């Protein structure tokens, strides 16, 4: 199998994310609640029973690069939240609150490394307004292929806190 350098794969990953974001923003989000005016802002990122997003090794690399650009106090807060959530996951195998979300700022990787399921998600009142799962599935298939081109079979997907503690911190 032909291999792909991480730097090239990250550019392709960004295009996949941007493509999904463009379709969701244009075709579906106008029918969703606005996150900026949400009465429970951030609940979808902090509700431990809702957030169970897994990321691939390549997505983790994008997150790692984003985290490295944060000021030291922000990196420290992310590290503490990730470690706490990873420990909780290790003990119970349950759910977690996203360590990349801060109430004052929102998603810290929104523009640079936001995971595909998070891009696909919004608060829709009616089921028929939701973006089809096929949009997310197609983007995820492309990311799986990229991971295979970069890492061969030496990758998997992990819950965000586990990925951060394993590959970022």
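The values are calculated or read from the model by the stated rules, or taken from the named source; none is laboratory data. As the structure is a computational prediction, the values presented were derived from the model and not from experiment. Using ideal geometry, Cβ is built from the backbone for each residue, glycine included, and neighbour counts are taken over all protein chains shown.
With the structure loaded, tell me whether residue 68 is under 18 Å from residue 58 (Cβ atoms), in contact with a helix residue (DSSP H, G or I) (Cβ under 9 Å, 6 or more places away or on another chain) and either in contact (Cβ under 8 Å) with a residue 40 or more places away in the chain or surrounded by 11 or more Cβ atoms within 10 Å (Cβ to Cβ) (or both) or whether it fails that test.
Working: under 18 Å from residue 58 (Cβ atoms): yes; in contact with a helix residue (DSSP H, G or I) (Cβ under 9 Å, 6 or more places away or on another chain): yes; either in contact (Cβ under 8 Å) with a residue 40 or more places away in the chain or surrounded by 11 or more Cβ atoms within 10 Å (Cβ to Cβ) (or both): no.
Here the answer is no, as residue 68 does not meet what is asked.
Please go through the stretch 127-153 and give me each residue that is under 14 Å from residue 57 (Cα atoms) and in contact (Cβ under 8 Å) with a residue 12 or more places away in the chain, ordered by number.
140, 142, 143, 144, 146, 147, 148, 149, 150, 151, 152
Can you give me the number of residues within the stretch 9-26 that are under 13 Å from residue 120 (Cβ atoms) and either modelled with pLDDT of 95 or more or surrounded by 18 or more Cβ atoms within 10 Å (Cβ to Cβ) (or both)? Before the answer, list the steps.
Taking the stretch 9-26 and keeping what is under 13 Å from residue 120 (Cβ atoms), we get 16-17, 19-25.
Next, from what is left, pick out any that are either modelled with pLDDT of 95 or more or surrounded by 18 or more Cβ atoms within 10 Å (Cβ to Cβ) (or both): 16-17, 19-24.
Residues flagged as under 13 Å from residue 120 (Cβ atoms) and either modelled with pLDDT of 95 or more or surrounded by 18 or more Cβ atoms within 10 Å (Cβ to Cβ) (or both) within the stretch 9-26 amount to 8.
Do we have any residue at all in the stretch 72-88 that's under 27 Å from residue 146 (Cβ atoms), surrounded by fewer than 23 Cβ atoms within 10 Å (Cβ to Cβ) and free of Cβ contacts under 8 Å to residues at least 60 places away in the same chain?
The answer is yes, given that some residue of the stretch 72-88 is under 27 Å from residue 146 (Cβ atoms), surrounded by fewer than 23 Cβ atoms within 10 Å (Cβ to Cβ) and free of Cβ contacts under 8 Å to residues at least 60 places away in the same chain.
Looking at the stretch 1-49, which of its residues are part of a loop (DSSP other than H, G, I, E, B), more than 23 Å from residue 143 (Cα to Cα) and either touching a residue at least 40 places away in the same chain (Cβ under 8 Å) or touching a helix residue (DSSP H, G or I) at 6+ places or on another chain (Cβ under 7 Å) (or both)? Spell out how you get there, then give the answer.
Going residue by residue through the stretch 1-49, those that are part of a loop (DSSP other than H, G, I, E, B) are 1-5, 28, 33-34, 38-42, 47-49.
From what is left, the residues that are more than 23 Å from residue 143 (Cα to Cα) are 33-34, 38-42, 47-49.
Answer for the stretch 1-49, where residues must be part of a loop (DSSP other than H, G, I, E, B), more than 23 Å from residue 143 (Cα to Cα) and either touching a residue at least 40 places away in the same chain (Cβ under 8 Å) or touching a helix residue (DSSP H, G or I) at 6+ places or on another chain (Cβ under 7 Å) (or both): 33, 38, 41, 42, 47, 48, 49.
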